[in-house]
1. Could you give the nm distance between label points at ALA11 and THR135, where each point is 7 Å from its Cα heading toward the beta carbon?
2. Got a sec? How would GLU51, GLU322, GLU279 order by Cβ neighbour count within 10 Å, fewest to most?
3. With a sphere of radius 15 Å drawn around the Cβ of VAL319, what net charge do the other residues whose Cβ falls strictly inside it have (Lys, Arg +1; Asp, Glu -1)?
4. Please arrange ARG152, ARG252, ARG327, ARG318 by counting, for each residue, the other beta carbons lying within 10 Å of its beta carbon, fewest first.
5. Could you please report the charge total around ARG106, scoring K, R as +1 and D, E as -1 over all other residues with beta-carbon less than 11 angstrom from its beta-carbon?
6. Stretch ARG289-TYR162 to full length: gain in nm at 0.36 nm per residue minus the Cα-Cα span?
7. Going 7 Å from the Cα of VAL118 along its beta-carbon direction, which residues of region 65-101 have the amide nitrogen within less than 17 Å of the resulting point?
Amino acid sequence: MHTNSSTVQYAQAINDGLVGAIAAAGYAPSIRNTQPWWWCLDGDTANLYLERSRVRTVTDPDLRQAILSCGAALHHVRTTLAAEGWRVAVTRMPDAADQDHFAHLRVEQSAPPDPEAVRHVRTIPLRHTNRRPVTGAPVGSEDVRAITAAVRAEGGWLQILYTDQVLELSAAAGRAQHADSGEPVWQAELAYWTGTQPAGATGPRADVAKQAPPTTVAGPDSAEPPINAQNDRTALFAILYGRSDEPRDWLRAGEALSAGWLTATERGISVLPLSAPVEVSGTRDTMHRLLSYLNHPFLVLRLGTVDAADTDAPYVPRVPAEQIIQRPDAVL
């Protein structure tokens with residue numbers, strides 16, 4: 001039986017573990033670096049919510065990419081707690097009356113640290129988005145199997161695209177680029193597929209810097225060489241997809257993205273997420289067809305082997321943990 005002193009210490013250890021895990025989740029992959037999440041801590045529980053002020057409503061009207069990003073943060077928290085020796089229970093979408101409440105997480109008890117989680121935690125601060133051209137050797141089959149298995153373990157799926165399917169997606173992006181010329185954020189990513197970026201552009205990154213959201217998150221810099229799908233000849237492209245197209249599926253896809261990306265980083269594989277093809281109807285329809293109309297696309301991933309030039313990737317600022325953690329009395 002715990003004494004009063006040991007009970008207080010145990011409760012404090014849980015609190016410290018939750019705070020540390022949420023701080024680590026600040027490194028989670030976030031589409032366009034919006035980091036659209038906040039957490040409410042209460043004793044041995046943490047609740048994950050959507051931060052709507054960081055949502056790009058024009059390019060993400062359904063909140064698909066925002067919820068997916070929150071799923072990645074949730075996986076980072078779960079992973080960090082498992083590495084620190086805590087067993088947790090997670091309820092996803094726990095409140096039907098509050099659609100912005102994505103997860104309820106409760107620390108149940110201490111447990112032996114999970115070795116895979118320990119490895120992932122070491123990788124978390126090393127993971128980053130590589131937007132440079134892919135020039136290294138093709139991604140090996142063992143690496144593909146490991147990344148796919150990590151995604152599947154978190155309830156997501158990957159479909160690797162053949163060369164002719166990549167070309168088909170490029171053609172669809174070209175049509176969408178002409179049909180939807182009024183949204184520059186989409187245009188920057190669609191141009192990636194068609195190879196029509198102007199000199200000095202940086203693909204998905206170029207317009208993000210111009211369209212920075214009203215948040216404390218700084219926009220990424222644009223001092224990188226131009227890239228496009230035609231130049232990334234050794235890259236491997238995959239669709240991250242789900243069985244249905246609902247918020248719970250998007251949340252699980254974000255957890256799967258986090259697991260797959262950490263695994264890829266550990267194996268020397270870079271990842272570039274591309275969201276515009278999913279948010280533009282023409283290319284989304286093409287991807288739906290590539291999935292045999294049975295599944296729903298959430299994100300396109302470019303995988304490539306890491307070369308020496310990618311070791312100096314720029315640091316992307318993150319929202320400080322104290323700005324995304326609240327206590328119950330602060331919410332009321």
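1. 5.8
2. GLU322, GLU51, GLU279
3. In short, +2.
4. The fewest-first ordering by Cβ neighbours comes to ARG327, ARG152, ARG318, ARG252.
5. Around ARG106, the surrounding residues sum to -2.
6. 44.3 nm
7. Once the point is set 7 Å along Cα→Cβ of VAL118, 79-87 turn out to lie under 17 Å by backbone N, inside region 65-101.
Since every read-out is calculated from the coordinates, none of them should be taken as a lab result. Not measured: the values here are computed from a predicted model. Virtual Cβ from ideal backbone geometry, glycine too; neighbours counted across all protein chains shown.
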